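Participant: I am attaching a structure below and will ask some questions about it afterwards.
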Amino acid sequence: MAQGADRTPGRRTLLGAAVLGSAAIGIGGATAANAAASGAPSGRHGGDHSYRHLPVPTVIAHRGASGYRPEHTLGSYQLALDMGAHVVEQDLVPTKDGHLVCRHENDITGTTDVSSRPEFASRKTTRSVDGTSLTGWFTEDFTLAELKTLRAKERIPGTRQENTLYDGRWEIPTFEEVLRWADEEGRRRGHPVWLHVETKHPSYFRGIGLALEEPLAKLLRRYGRHRANSPVFLQSFEPSSIQRLAKLVSSPRVVLLSGAATRPWDFVQAGDPRTVADLVKPEGLEWIASYAQGIGPTLDLIIPKDANGKLGEPTTLVRDAHAKGLILHPYTMRNENSFLPADFRRGTDPNAYGDAFGAFKIYFEQGIDGIFTDNADTGLLARADFVDG
């Protein structure tokens with residue numbers, strides 16, 4: 001079977017996910033009718049839209065519908081929302097002139113056509129970002145006007161060949177453009193569009209005079225997403241970025257957690273010896289709960305894998321985090337064999353889809369509050385299976 005036939009979402013899947021997503025919004029109480037009854041214009045998000053009202057488990061579109069469109073484009077965000085995703089994620093990096101744009105990394109070599117643009121050939125450089133040496137083109141070396149001349153492309157074309165069909169179709173969106181898009185979609189749909197917004201490499205950018213938190217907070221206030229009940233999550237792998245944001249806005253906040261043996265980069269810079277393994281202990285979780293409402297752990301912190309890539313015994317992280325009042329939004333579920341636990345791979349093609357539904361079920365059974373996924377339609381159908389029993 002051709003790869004495209006194996007991976008493209010069918011009409012039934014798309015329609016089913018959209019229906020399930022719309023219906024699921026009501027499970028947590030945040031229905032369109034409730035939004036209308038609050039009397040608040042969805043563009044400014046008055047009334048109570050607490051994250052506690054979101055469906056559980058929440059399906060979070062990782063970089064949009066990145067399994068089907070180049071990530072962090074308005075096309076990817078729109079498809080995720082049309083599929084019925086409960087929340088749509090953005091990653092933020094700055095331009096040379098201080099605008100916040102949506103890219104997974106400041107290195108845009110693999111996600112734009114910059115390498116084929118002769119006018120920017122001289123911008124290629126080597127930088128050390130969070131201790132890693134990278135050679136390519138970086139957003140902090142471009143003005144917004146210059147970045148807007150570039151076009152987005154698929155980041156992993158060898159795995160997602162179908163996505164390359166859309167290379168060049170969309171430009172790099174600013175976060176303000178996404179906020180306007182979310183407000184327009186919220187008015188059209190009758191309920192707020194939830195966003196999950198990450199500050200990328202905040203210590204690095206603060207060190208070169210392009211701090212992320214203050215301009216982010218300014219935009220959140222401008223678009224009415226700065227309150228404790230605003231339809232947005234703020235997230236970062238650096239706890240100090242979340243602590244800084246907590247002083248600027250009241251929006252819900254999530255600390256992202258990588259591998260157990262790793263240290264957040266701000267810890268490295270500050271000489272803090274704690275690792276992620278320390279942060280997921282009860283005392284570490286209590287510390288996080290003093291300034292954040294949730295954690296976003298890698299799935300391996302929920303269920304570790306053995307040497308063969310198979311799932312082992314679940315940890316106590318879900319129970320321990322809930323005991324401290326924290327929600328859990330682990331990352332990232334994808335449909336392809338290469339990204340799935342070995343237990344759920346099917347066949348030998350790493351790019352073919354495996355048993356993603358089986359993997360979703362196992363993770364949902366742990367009691368997580370939500371999950372990031374590149375395939376929102378799959379996540380929504382898996383969620384429906386789980387909720388309906």
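Participant: What area, in nm² and to one decimal, does the C-alpha convex hull of the range 319-389 cast on average over all directions?
Facilitator: Dividing the Cα hull surface by four gives the mean projection, 5.0 nm².
Participant: Over what distance in Å are the Cα centres of the range 261-333 and the range 149-167 separated?
Facilitator: If you average the Cα positions of each part, the centres end up 32 Å apart.
Participant: I need the phi-derived Karplus couplings for the range 193-210: 6.51 cos²θ - 1.76 cosθ + 1.60, θ = phi - 60°, integer Hz, Gly and Pro marked x.
Facilitator: 8, 7, 10, 10, 10, 10, 7, 9, 6, x, 5, 4, 6, 4, x, 10, x, 10
Participant: Just from its helices, what would the mean residue ellipticity at 222 nm be for the chain, if runs of 4 or more DSSP H residues each count -39500 (n - 2.57) and the sum is divided by every residue, rounded to the nearest 500 deg cm²/dmol?
Facilitator: Taking each H run of at least 4 residues, the total per residue is -9500 deg cm²/dmol.
Participant: Heavy-atom accessible area per residue, the range 237-289, 1.4 Å probe: how many Å²?
Facilitator: On a per-residue basis, 43 Å².
Participant: If you bin the C-alpha pair distances of the chain every 20 Å from 0, what whole percents do you get?
Facilitator: With 20 Å bins starting at 0, P(r) equals 28, 62, 10.
Participant: Compute the whole-percent fraction of alpha carbon pairs in the range 153-215 spaced more than 18 Å apart.
Facilitator: That fraction is 62 percent.
Participant: How large is the convex hull of the Cα atoms of the range 103-162 per residue, expressed in Å³ as a whole number?
Facilitator: 98 Å³
Participant: Subtract the Cα-Cα distance of Lys281 and Glu214 from 0.36 nm times their separation in residues, and report this length gain in nm to one decimal.
Facilitator: 21.0 nm
Participant: Which Rg and Dmax, in Å, describe the Cα atoms of the range 47-195?
Facilitator: That works out to 16.3, 51 Å for Rg and Dmax.
The values are calculated or read from the model by the stated rules, or taken from the named source; none is laboratory data. The structure displayed is predicted, hence computed values, not measured ones. Only protein heavy atoms, including side chains, enter the accessible area calculation; ligands, DNA and RNA are left aside. Shrake-Rupley method; radii C 1.70, N 1.55, O 1.52, S 1.80 Å.
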